[in-house]
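Below is one structure, written out as structure tokens, with a few remarks after it.
What follows is calculated from the coordinates using simple rules that are stated; it is not laboratory data. Please read all numbers here as calculations on a predicted model, not as lab measurements. Glycine gets a Cβ as well: all are built from the backbone with ideal geometry, and neighbour counts include every protein chain shown.
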Amino acid sequence: MRVVIVGAGAMGSLFGFFFHQAGKKVWLLDKHPELTQKIRKKGLRIEGISGEHQIFLPITTKVSEIGTADLIIIFVKSYDTAQAILDAQPLIGPNSVVLTLQNGIGNLETITKVVGKERTLAGTTAHGATVIEPGHIHHAGKGETIIGEIDGSESLRLKKIKNFFESAGIETQITYDVKGLLWSKLLINIGINPLTAITGLRNGQLLDYEETRKIIARLLNEAQLLIDKKGIKLNYSDPFSKVEAVCQATSLNISSMLQDIRNKKKTEIDFINGAILTEGKKYGLDFPINQSLTYLIHLLELSSF
């Protein structure tokens, strides 16, 4: 299977490392010339729970250098998805599949508008990675990756990709409810990402303070109101307990949103907490705690640029 990973950030680089180490054919495609040149010249450095490695794998900013791919994995930030999938169209052959493993809500819809539902899979991953500097990442946490067909079927291609991932050491499961999976991941991000970005705390430290625990509970309670209205079934019965478990399992991880704030980059807040604000308006629902944290993240973005 020939794989192209779109987005050579923390998670894209980590998955590129997994595939490369397993002897798979993998390309990284990234829009930043400086990053691609650095990885070409000095290699991609990995440290953390996977050990210390320096690997050289194909990376480019030009789709024309790659050709078509069997599997295209989208790992860009949510606000870059629309342009990324347009740029990636030359990679798509007769049997190509596009898989989004991104954070947030809306990526799946953006991708299917360009390549169609019949070519698109969605999923989540519980791996955690941090960019130390461009081309150098820290693998901070390990967990399962879950993928599924939009229509909930258990297709042959889904099983093939699952087996391919597992042959690269990526623990993978299949879901028959992609919508429930994506919203289940969204609630976890809602509870963790903005608070870590505002406070500067690592994931596990959120549990050390009664104040942050109370805010997490309020954030999740608001999101649960929307979940109930939409009739979505989550993968867990108690959102707070789930967030608590994720914080413990990824205690040393620096969330992607905190990484963005520290690196003076735009965050994905509009696709996480902002997503439930947008969806809530359709039902006449207001979520003041999520709204407040969204405002604060935007303020941090503005003050850091």
Quiz item: Comparing Ser251, Ser13, Ser292, which has the greatest mean-square fluctuation in the GNM of the chain with Cα pairs linked when under 10 Å apart?
Solution: Ser292
Self-check item: Dipole in debye (nearest 20) - region 67-225, about Cα centre, beta carbon charges: Lys, Arg +1; Asp, Glu -1
Solution: 80 debye
Quiz item: Could you give the distance between the Cα centres of region 73-101 and region 213-277, to the whole Å?
Solution: 25 Å
Quiz item: If we count other beta carbons within 10 Å of each Cβ, what is the order of Ser50, Ser64, Ser241, fewest first?
Solution: Ser64, Ser241, Ser50
Quiz item: With labels modelled as points extended 7 Å from the Cα through the Cβ direction, what inter-label distance (nm, one decimal) is found for Arg40 paired with Ser237?
Solution: 5.5 nm
Quiz item: Could you give the angle, 0 to 90 degrees to the nearest 10, between helix 33-42's Cα long axis and the longest principal axis of the Cα atoms of the chain?
Solution: 60 degrees
Quiz item: Hey, got the dipole for the chain? About the Cα centre, +1 on K and R Cβ, -1 on D and E Cβ, debye to the nearest 20?
Solution: 620 debye
Quiz item: Antiparallel as a % of all DSSP beta bridges within the chain, to the nearest 5?
Solution: 35 percent
Quiz item: Ranked highest first by the average count of other Cβ atoms within 10 Å around their residues, in what order do 71-83, 30-42 fall?
Solution: 71-83, 30-42
Quiz item: What residue among Arg262, Arg45, Arg119 has the largest mean-square fluctuation in a Gaussian network model of the chain, using Cα springs under 10 Å?
Solution: Arg262
Quiz item: Whole number please: convex hull volume per residue of the Cα set in region 180-304, in Å³?
Solution: 92 Å³
Practice problem: Mind checking the full-extension length gain between Tyr79 and Glu52? Use 0.36 nm per residue of separation minus the Cα-Cα distance, one decimal, nm. | Solution: 6.6 nm
Practice problem: Over 26 Å, how big is the tail of the calculated P(r) for the chain, in percent of all Cα pairs? | Solution: 43 percent
Quiz item: Taking every DSSP beta bridge that has both residues in region 99-234, what percent is antiparallel when rounded to the nearest 5?
Solution: 65 percent
Quiz item: Which loop chymotrypsin sites (Phe, Trp or Tyr not before Pro) in region 105-183, with loop taken from DSSP, have no more than 16 other Cβ atoms within 10 angstrom of their Cβ?
Solution: Tyr176
